[in-house]
Amino acid sequence: MARKDYDAIVVGSGPNGLSAAITMQRAGLSVLLLEMKETIGGGLRTKELTLPGFKHDVCSAIHPLAAGSPFFRQLPLHQFGLEYIYPEVSAAHPFDDGGAAALFRSVEETAQSLGRDEKQYLKLMRPLVKDWPKLAPDVLGPLHFPDHPVALAQFGLNAITSAKFLANRFVTKEAKGLWGGMCAHSIQPLSNIASSAIGLVLMATGHLRGWPIPKGGSYSIANALASYFVSIGGKIQTNFHVQHLDDLPVSDAVLFDVTPKQLLKIAGQRFSFLYKWQMNRYRYGMGVFKIDWALDDTIPFTADACSKAGTIHLGNTFAEIASAELLTSKGKIAEKPFVLLAQQSVYDASRAPAGRHTAWAYCHVPNGSQVDMTEAIEQQVERFAPGFRERILARHTINTFQMQEYNPNYIGGDINGGVIDITQLYTRPVISLSPYRTSAKGLYICSLSTPPGGGVHGMCGYYAAKRALKDVFDLEEKIGLASG
Ligand SMILES: Cc1cc2nc3c(=O)[nH]c(=O)nc-3n(C[C@H](O)[C@H](O)[C@H](O)COP(=O)(O)OP(=O)(O)OC[C@H]3O[C@@H](n4cnc5c(N)ncnc54)[C@H](O)[C@@H]3O)c2cc1C
C-alpha cells in the first residue's frame, strides 16, 4: 500500500472547504487544503476591480449567515483579524413613492415601522428570533432527528410555504415588499413551495446578529479562517487545479468543495451507477449578472433609510419582484430586474480613497445568459436614487459565463451551487441521510451543493467533515457547535 502523505485532503478553499479542513485538523488529523487559484477564498475574495484604491468584493459582500454561523462562532476568528462592521440599518427597501421599508436590528423597531402590519410581523418573527439560537444547528444542517422538534416544527410550517402565500398575511406594500426582497435571495419564483425559508432565516439572523460587512473586505473572513487553519498545523497549497483523482497526494479521505458536475468529471469513474445517475440529474438554477462601481460620492438615495443601510433591495413592490423572478426562471430577461445592492464604503472607509465610494450589485438572469444587464441595473438604481449615474467613475461587470470562468462552482452563473427548491433543499446533491458521503469510499462532497446550501456559513463543510471523521477515522468532531 502507498505511503500516506496526509490523513485528509480538501479540494477547494471556499468557506466550506476551509471549514471542512479546520474541523478535521482540529480533530487531530493532518490536512492539506488545495486551491486551483493563486489566492484562497472562493466566494470570499476582494480585489481592485475598477480603479486603484477601490476594493470590491468579487462575490459575497453581506454576511448575516457568517455572523450567525454556529460553526464560525466557535472559532477565535477575531484573533486572526476578522472584524465585522454593522450598518445602522441592516437592509432597506425603497418604493416609487419615495418611502422605504427597513430591516432594523430590533424586531420591535422593524415591526413598528411597518404600520398596520406591526402585529403580523411580531407574530411571525418574534418566536423565530427567540428560538433561532437553538434552531440554527438543526436548520443549517442535513436532515436528522432535531434537537428541538417543537420549535423546528413551528419554523417548518412557515418555511415550507411559498413567499407569495406568506406575503398575503401582510396588508401594507412596505411589509409585502420587504418580505419579497428577502425571499428573492432564494433565486427562484416566489410562488415556489419553501421559497419562504431563506426569507425567514435572513430576517431572523438579521435581528439576532445583524447584516454585517467584514472590515477591509469579504476576504477578511477567508484570511481569518485560513490563518487559523495554518495556526493549528494545517497546510495550504494554491495554484493546484485538481482535474483527476490521480493528481492528489495519498490520503485516507478527500473532501471536495465543488459542485456535482465538476465532481463527476474528477471522480466519476469511482462512483456507482446509481450515484452517478442521481448526480447527473442534479439541477442548477438561475445565474447572476454583477456590477461593481467606483463612485465619486455616496449613492443619492431618495429614502433616508437607504442611505443608512448596508444592503438595499431594489424591486419596488412584492408583485414586481415576483414577476421579475418568475420571468427570469422561464429563461427571459426582466426589464426591471430585482437588484441586490451593497454600499460597503459608507461603513468601511478602507474600501475606497478618501471621499470616494464603492458599490456592489447584482440581478438574477437565466442560467448561462450573456445578456449585458448594466443598463437595466443602473436604471433600477437611478429610479430610487436620481443622479446616481453622474457619480460613476468606473464600473466592472461580470456575466454568468465569466462568473463560471472565474469560479467553476458557479455553473451557468448559479451562485447557489444548484437550485434550492423543495426538491433540492435538504436532498442536495442526492437523496440520502448522509448527503456528504459519495458512493466511493473515502470521497466526500462538502460544498454549497450539500445542505444547507448557498451562502457564507461554512456549515456544509463542517457537517461533511463530521461525516468523514466518523466514517473513515472513527472520530467524533472535537468542536461542538455554538448557538446560531
Ligand atoms: C456575486 C455573488 C454574490 C454573493 N453574495 C453573497 C453574500 O452577500 N452573502 C453570502 O453569504 N453569500 C453570497 N454569495 C454566495 C457565497 O459566495 C457562496 O455560497 C459560498 O462562497 C460558497 O462556498 P463554497 O465553499 O461552497 O464554494 P466556493 O466559495 O465557490 O469555493 C470553492 C473553491 O474551490 C476552488 N475549486 C473549484 N474547483 C477546484 C478544483 N478542481 N481544484 C482546486 N480548487 C478548486 C474554487 O477556485 C474556489 O476557491 C455570493 C456569491 C456570488 C457569486
| Would you pick out the residues in segment 50-69 that are part of a loop (DSSP other than H, G, I, E, B) and within 12 Å of the ligand (Cβ to nearest atom)? | V58, C59, S60, A61, I62, H63, G68, S69
| task | Say whether the condition of being at pLDDT 95 or above, surrounded by fewer than 24 Cβ atoms within 10 Å (Cβ to Cβ), in contact with an Asp or Glu (Cβ under 8 Å, 6 or more places away or on another chain) and charged (D, E, K, R) is met by at least one residue in segment 305-327. | result | yes
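Against the condition surrounded by 22 or more Cβ atoms within 10 Å (Cβ to Cβ) and outside the structural domain of K466 (by TED's automatic domain parsing), how does T110 come out, does it pass?
yes
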| request: State all residues of segment 80-110 that are without any contact (Cβ under 8 Å) to a residue 40 or more places away in the chain and in a helix (DSSP H, G or I); if no residue qualifies, say none. | output: E108, E109
| task | Take segment 142-194 and flag every residue that is over 26 Å from A111 (Cβ atoms) and buried (at least 20 other Cβ atoms within 10 Å of the Cβ). | result | P142, I187, Q188, P189, N192
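Go through segment 387-408 and give me each residue that's within 20 Å of D257 (Cβ to Cβ) and either in contact with a helix residue (DSSP H, G or I) (Cβ under 6 Å, 6 or more places away or on another chain) or buried (at least 16 other Cβ atoms within 10 Å of the Cβ) (or both).
Result: M403, Q404, N407, P408.
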| task | Would you mind telling me which numbered condition in (1) within 11 Å of the ligand (Cβ to nearest atom); (2) in contact with a Phe, Trp or Tyr (Cβ under 6 Å, 6 or more places away or on another chain); (3) touching a residue at least 60 places away in the same chain (Cβ under 8 Å) Y444 fails? | result | (1)
| field | Evaluation of V129 against (1) over 23 Å from the mean Cα position of the chain (by Cα); (2) of a type in the set (V, I, T); (3) closer than 26 Å to R73 by Cβ (one fails), failing number | value | (1)
| request: Could you figure out which of (1) among the polar types (S, T, N, Q); (2) farther than 30 Å from S350 by Cα; (3) within 16 Å of the ligand (Cβ to nearest atom) isn't true of Q278? | output: (3)
| note | Scanning segment 335-346 residue by residue, those farther than 29 Å from S218 by Cα and crowded, with 23+ Cβ neighbours inside 10 Å turn out to be none
| request: Tell me, please, whether a residue that is charged (D, E, K, R) and either at pLDDT below 95 or part of a loop (DSSP other than H, G, I, E, B) (or both) can be found in segment 400-414. | output: yes
| Among the listed residues I221, I236, which satisfies the condition of being in contact with a Leu (Cβ under 8 Å, 6 or more places away or on another chain), closer than 18 Å to R45 by Cβ and not in a strand (DSSP E or B)? | I221
| query | So, of the residues in segment 17-70 that are among the charged types (D, E, K, R) and under 19 Å from the mean Cα position of the chain (by Cα), which turns out to be surrounded by the fewest Cβ atoms within 10 Å (Cβ to Cβ)? | reply | K47
| note | All-but-one check, H457 against (1) farther than 20 Å from Q262 by Cα; (2) more than 11 Å from the ligand (Cβ to nearest atom); (3) touching a residue at least 24 places away in the same chain (Cβ under 8 Å), failing number (2)
| remark: Of (1) more than 30 Å from A305 (Cβ to Cβ); (2) more than 8 Å from the ligand (Cβ to nearest atom), F72 satisfies every one except (1)
| query | Do we have any residue at all in segment 111-119 that's acidic (D, E) and without any contact (Cβ under 8 Å) to a residue 24 or more places away in the chain? | reply | yes
| Which of the residues belonging to segment 7-42 are more than 6 Å from the ligand (Cβ to nearest atom), among the hydroxyl-bearing types (S, T, Y) and either part of a helix (DSSP H, G or I) or closer than 19 Å to Q243 by Cα (or both)? | S19, T23, T39
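The values are calculated or read from the model by the stated rules, or taken from the named source; none is laboratory data. A quick note: this is a predicted structure, and the numbers were derived from the prediction, not measured. Glycine also receives a Cβ, built like all others from the backbone with ideal geometry; neighbour counts cover every protein chain displayed.
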